[in-house]
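The values are calculated or read from the model by the stated rules, or taken from the named source; none is laboratory data. These numbers were taken from a predicted model, which means no experiment stands behind them. So basically every Cβ, Gly included, is an ideal-geometry build from the backbone, and we count neighbours across all protein chains shown.
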């Protein structure tokens, strides 16, 4: 129930307009979002790099409504790549196809993504195509397989959500194509017809697919904060003599920072997904929907910071 409520809230633009003017809400969001500008994101990236942790940068925003907005998102993504190259941080880029105009015109989205990947190739920077709600999965994978993977190879990757019933089939096709895949549980509200309603099935699919990706994958990424699944990946890799440098764990900015650092100390490659931008509200609601326990944690943390300073 709580998860559904947060996912519903993520789609309410009027609530966002109210929330973003609230100082406490903005501080709440700052735990999960690096800031509203690329400069803020670069600061967060340097801090993580100093801990020997890599980064995937994401300018928040999706489902643009005009070609001009899509072009602006493309140019912003190119600017991120240029900044990564100029500053020399250890980071790559994540983008969403709806932000590039997929809802408006698939050809427009493809052209925008191609422009981004051309700049990425010039700089030697990897780009991940994020996966969105189930209605976009087939179009995303069609574009990835037919226009992107053959042209850009290891410079481009995609995401598979284990909450979707089709995940196994999609992973098998991507493994056969030697594509780079990030495995996640998923954060969208989906009907039972396309998604597993029970968490145990989502987790079981994640565990099963992680094994296949460890055995046959092209530098797979396992994006989860679930310590049971992380332990499963580590144990399977050890049992099958799969070196830690052949895969990486990915975690969200501001979530389980202790786990991020612990995994790195243990010798695993760790990458933190660092979102930034003014469109932080939908992202924040989906993060809270993924793990409602974050609500109590965040509220308690903010209360201590707010009232502790006032009392001092």
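All but one of (1) modelled with pLDDT of 95 or more; (2) in contact with a helix residue (DSSP H, G or I) (Cβ under 7 Å, 6 or more places away or on another chain); (3) within 21 Å of residue 42 (Cα to Cα) hold for residue 252, so report the exception by its number.
(1)
For the range 233-256, which positions are assigned to a helix (DSSP H, G or I) and surrounded by 15 or more Cβ atoms within 10 Å (Cβ to Cβ)? I'd like the intermediate steps shown before the answer.
Initial filter on the range 233-256 (assigned to a helix (DSSP H, G or I)): 233-239, 244-246.
Once the filter is applied, which keeps residues that are assigned to a helix (DSSP H, G or I) and surrounded by 15 or more Cβ atoms within 10 Å (Cβ to Cβ), the range 233-256 yields 233, 234, 236, 237, 244.
Does residue 72 fit the bill of being closer than 20 Å to residue 272 by Cβ and either crowded, with 16+ Cβ neighbours inside 10 Å or modelled with pLDDT of 90 or more (or both)? Walk me through it before giving the result.
Values: closer than 20 Å to residue 272 by Cβ: no; either crowded, with 16+ Cβ neighbours inside 10 Å or modelled with pLDDT of 90 or more (or both): yes.
No: the conditions fail for residue 72.
In this structure, is residue 119 touching a helix residue (DSSP H, G or I) at 6+ places or on another chain (Cβ under 6 Å) and surrounded by fewer than 19 Cβ atoms within 10 Å (Cβ to Cβ)? Break it down stepwise before answering.
On the way: touching a helix residue (DSSP H, G or I) at 6+ places or on another chain (Cβ under 6 Å): yes; surrounded by fewer than 19 Cβ atoms within 10 Å (Cβ to Cβ): no.
It is false that residue 119 is touching a helix residue (DSSP H, G or I) at 6+ places or on another chain (Cβ under 6 Å) and surrounded by fewer than 19 Cβ atoms within 10 Å (Cβ to Cβ).
Residue pairs, Cβ under 8 Å, 6 or more apart or interchain, first in the range 107-134 and over 30 Å from residue 165 (Cα atoms), second surrounded by fewer than 20 Cβ atoms within 10 Å (Cβ to Cβ) and at pLDDT below 95. List them.
none
Based on this model, can you work out whether residue 231 counts as more than 23 Å from residue 156 (Cβ to Cβ) and at pLDDT below 95? Walk me through how you get there before you give the answer.
On the way: more than 23 Å from residue 156 (Cβ to Cβ): yes; at pLDDT below 95: no.
Considered against the rule, which asks whether it is more than 23 Å from residue 156 (Cβ to Cβ) and at pLDDT below 95, residue 231 comes out as no.
Run down 153, 88 and say which single residue is under 23 Å from residue 222 (Cα atoms), loosely packed, with under 15 Cβ neighbours inside 10 Å and more than 19 Å from the chain's Cα centre (by Cα). Explain how you work it out, then say what you get.
Values: 88 fails: under 23 Å from residue 222 (Cα atoms).
Exactly one of 153, 88 is under 23 Å from residue 222 (Cα atoms), loosely packed, with under 15 Cβ neighbours inside 10 Å and more than 19 Å from the chain's Cα centre (by Cα), namely 153.
For residue 267, all conditions in the list (1) at pLDDT below 90; (2) loosely packed, with under 13 Cβ neighbours inside 10 Å; (3) on the phi > 0 side of the Ramachandran plot hold save one; what is the number of the exception?
For residue 267, the exception is condition (1).
Among the residues of the range 193-203, write down those that are more than 13 Å from residue 183 (Cβ to Cβ), at pLDDT 95 or above and assigned to a helix (DSSP H, G or I).
200, 201
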